[in-house]
1. Going through the stretch 142-160 one residue at a time, which ones are without any contact (Cβ under 8 Å) to a residue 60 or more places away in the chain and crowded, with 17+ Cβ neighbours inside 10 Å?
2. For the stretch 291-316, name all the residues that are within 16 Å of residue 192 (Cβ to Cβ), in contact with a strand residue (DSSP E or B) (Cβ under 7 Å, 6 or more places away or on another chain) and either surrounded by fewer than 20 Cβ atoms within 10 Å (Cβ to Cβ) or at pLDDT 85 or above (or both).
3. If residue 94 satisfies every condition in (1) part of a strand (DSSP E or B); (2) at pLDDT 90 or above but one, which is the exception?
4. When residues of the stretch 97-115 are filtered for being in a loop (DSSP other than H, G, I, E, B) and closer than 24 Å to residue 147 by Cβ, how many remain?
5. Identify, by number, the condition in (1) in a helix (DSSP H, G or I); (2) at positive phi that residue 181 doesn't meet.
6. Answer yes or no: is there a residue in the stretch 178-186 that is over 29 Å from residue 50 (Cβ atoms) and under 15 Å from the mean Cα position of the chain (by Cα).
7. Using the structure shown, decide if residue 380 is at pLDDT 65 or above, outside the structural domain of residue 248 (by TED's automatic domain parsing) and crowded, with 20+ Cβ neighbours inside 10 Å.
């Protein structure tokens, strides 16, 4: 498309438009209301493609979603005239409309999308130059403009593209934070994100790398195993080559920060919980139901002098230092099974008859180290892998106990 662009006057933009959240317009720093769904849709469609001509046919399709009025071209020009009346041309802002296309010609600071992309680009440049702390700070500023749901209609292709662009930026920022040594923060945030995005491989990769760098390879292996099962169930595929290579490197328990020496008889207790999505009426109820179960499990684990180490979706891992034969771990597992029983269940274990729970206990000599700033052990070696393998074969309600010797 041949386009002759009129010049955009220099100076501070007269108008600022935010489209990375529900549509917001500022003129001279003050909010201005843009009335009418179709007029707001036109402004959103143009602001999502700043300084680029958007074909009239595409605008008509966005605004009227396949049901245009009889004289759509004329109606579109009338909408643009209404926009101009409220948002007149000025420094850094000009609305161009022809029979073939429309364009929002703006200064770099006139649309939040342009600002966020510029910050993200500077952040990625800093990351490539080996300045991860600076990179993470710039990307964090970009994400601050991008809280979540964009102004685009979910049916527009731009909506899915913006969601993906934001997730990619979030992954880049997490990776920069990891490179800058903010391991605890990255692990905590990524743990929640992989629950929300259980099929997103790069998020799992960053989480595994952060766990490895923090000296928690057993937990990194558990993350991989969870992802591998999810990918197999959903798409029938294995994790990608980079994840597989990282998993192979974690076979050596010395990867990352070494744990403190001193083998002792320690135990891993791993629960597998299933059925929350089928029982809950929606995502919020599902999360509340899962949180209740995790809280109930944690109470019994702490009563047996253990500590939760990992909660990932429906997998809950607890560690018990100095636990010969896994007696305390078994006691905690049995207490959970009894509390979640059909006869007078603990209030924490709602929907106990429909949520399934099984557990595996693996005990034996294991080097231990600091876990999450406390004194519970981080098991390295084969304990977590063995526990995950045993749990995969367990039936609902079953507690399987094995040793590593």
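The values are calculated or read from the model by the stated rules, or taken from the named source; none is laboratory data. What you see is a predicted model, and the numbers here were worked out from it, not measured in a lab. Cβ: placed from backbone, ideal geometry, glycine included. Neighbour counts: every protein chain shown.
1. The answer is 142, 143.
2. Residues satisfying the conditions are 294, 308, 315, 316.
3. Of everything listed in (1) part of a strand (DSSP E or B); (2) at pLDDT 90 or above, residue 94 misses just condition (2).
4. The qualifying residues number 4.
5. Going through the list (1) in a helix (DSSP H, G or I); (2) at positive phi, residue 181 breaks only (1).
6. The answer is yes; a qualifying residue exists.
7. For residue 380, the condition - at pLDDT 65 or above, outside the structural domain of residue 248 (by TED's automatic domain parsing) and crowded, with 20+ Cβ neighbours inside 10 Å - is not met.
This table checks each residue for (1) modelled with pLDDT under 90; (2) farther than 30 Å from residue 274 by Cα.
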| site | (1), (2) |
| --- | --- |
| 113 | no, yes |
| 119 | no, yes |
| 127 | no, yes |
| 138 | no, yes |
| 143 | no, yes |
| 150 | yes, yes |
| 156 | yes, yes |
| 187 | no, no |
| 206 | no, no |
